[in-house]
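Chemist: Structure incoming, see below.
The values are calculated or read from the model by the stated rules, or taken from the named source; none is laboratory data. The shown structure was predicted, so the numbers you read here are calculated from the model rather than taken from an experiment. For neighbour counting, all protein chains shown are included, and Cβ atoms are generated from backbone atoms with ideal geometry for every residue, glycine included. We work out accessible area using only protein heavy atoms, side chains counted, and drop any ligands, DNA or RNA first. Shrake-Rupley method; radii C 1.70, N 1.55, O 1.52, S 1.80 Å.
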Amino acid sequence: NRALTETDYQLLGGVGGAITNSADRKYEELVTKNSAYKNTVRQVMSRMVSLQGGALARRQVPRSELVYANDEENDRVETVINCFSEARLIVEGSNAQGEPYVEPAHDILVQNWTQLMDWVKEDEGKIILQRRLAQSAEEWSKKIPTNKPQLLENIIDRLDRILYGPEDLFRKVTDWRIIHSKSRQNRQKESPDNPRFFLWDSNPYLDDVSNRQCQFDRNWLNDLENKFVEKSVLQKRRKNSWWWRGLFTVVAGLIGFSIIASIGQRNAQIALTRALITSSDARFAEGKQFDALLDGLRAIKQLHETLGGQDPQMRAQIAQVLQQAV
């Protein structure tokens, strides 16, 4: 009495129909529970699809690739995996290196589930870009020293974010082709052991990823991928801003030298005024009243040119000298 007849089997749509119907039910259960699962299921299942060869196939996804910066999203991801695993729609395992992974239990799920096929069709370009990003982010993370203090680097990153505002305004009215060319040359000189070597600061895909992050509300990138993009953007800003900061340093230096030179010139003129006052007083003592008068007149002229005549003490000294000379 528990037999499944051929007619019943056909009505169920065969194996493919049974699997996709089960996926629809589980999806509806989760979405009914919380509408946020729409994006979570879409995100998790889209990562389990391989687009190589032009045909959809299942893909093993490392569990580390399903870790996000948002704790609530991580909880939903775990719920989706457990729910679909209990329904035998996805399987969990470990690879040869002992790293845990998840993947669809059947190729039929990725080839026949209409919901998943619609997602993949809509996000095909984004999925391809995410795969490239994930590989580069993984290589970058392996090169980061685990015992290196990050305090100084975090301070530099924060300063770069603060400086980005004025630099961005300057960049909009400046031709950066020479700078970009220099950035590519510097990238070729960097050591492959340096984590910065794997960043996308010179990769044209970086702008696409940054724009997609702004355009999509759902968490498209996982925690590692987000950090990789953020570091790449900061590195690109640093390389693009070296000219601006160099120009700012030069201008600030010139202004500083001008101020110092101006102060030095002013002090020299004050010293000359005092010397004329002293000379006028000495010549009066020697009986050279006319010469003393000339030095006194030169002193008052120099005082007005240097200080605008606003030094009371020097004005009083000159007035005394002039009065004696007259």
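Chemist: Go through (1) modelled with pLDDT of 75 or more; (2) on the phi < 0 side of the Ramachandran plot for G287 and report which single condition fails.
Modeler: Among (1) modelled with pLDDT of 75 or more; (2) on the phi < 0 side of the Ramachandran plot, G287 violates only (2).
Chemist: Working only within the range 54-77, note down all residues that are within 20 Å of E99 (Cβ to Cβ) and more than 30 Å from the chain's Cα centre (by Cα).
Modeler: R58, R59, Q60
Chemist: Among the residues of the range 261-310, which ones are among the hydroxyl-bearing types (S, T, Y) and open to solvent by 50 Å² or more (accessible area, probe 1.4 Å)?
Modeler: S262, T278
Chemist: Between residues in the range 48-74 that are within 22 Å of S94 (Cα to Cα) and residues that are in a strand (DSSP E or B) and acidic (D, E), which pairs lie under 8 Å by C-beta distance while being six or more apart or on different chains?
Modeler: Here the result reads M48/E103; R58/E103; R59/E103; Q60/E103; V61/E103, each pair linking the range 48-74 to a residue that is in a strand (DSSP E or B) and acidic (D, E).
Chemist: Is the range 89-111 home to any residue that is small (G, A, S) and under 25 Å from K126 (Cα atoms)?
Modeler: Within the range 89-111, one or more residues are small (G, A, S) and under 25 Å from K126 (Cα atoms).
Chemist: Do you know which residues across the range 35-54 are open to solvent by 60 Å² or more (accessible area, probe 1.4 Å) and of a type outside the set (S, T, Y)?
Modeler: Within the range 35-54, K38, N39, Q52, G53, G54 qualify.
Chemist: For the range 18-29, check the following and say yes or no: at least one residue is farther than 16 Å from T79 by Cα, in contact with a helix residue (DSSP H, G or I) (Cβ under 8 Å, 6 or more places away or on another chain), open to solvent by less than 30 Å² (accessible area, probe 1.4 Å) and not charged (D, E, K, R).
Modeler: Yes, the conditions are met somewhere in the range 18-29.
Chemist: Determine which single condition L221 fails, assuming it passes every other condition in (1) at pLDDT 80 or above; (2) of a type in the set (A, V, I, L, M); (3) open to solvent by 50 Å² or more (accessible area, probe 1.4 Å).
Modeler: So L221 meets the others, but not (3).
Chemist: If I filter the range 76-84 for residues that are at pLDDT 90 or above, more than 23 Å from A134 (Cα to Cα) and touching a strand residue (DSSP E or B) at 6+ places or on another chain (Cβ under 9 Å), do I get at least one hit?
Modeler: For the range 76-84, residues at pLDDT 90 or above, more than 23 Å from A134 (Cα to Cα) and touching a strand residue (DSSP E or B) at 6+ places or on another chain (Cβ under 9 Å): present.
Chemist: Could we say that L109 is open to solvent by less than 20 Å² (accessible area, probe 1.4 Å), in contact with a strand residue (DSSP E or B) (Cβ under 9 Å, 6 or more places away or on another chain) and either in a helix (DSSP H, G or I) or hydrophobic (A, V, I, L, M, F, W, C) (or both) here?
Modeler: Yes: the conditions hold for L109.
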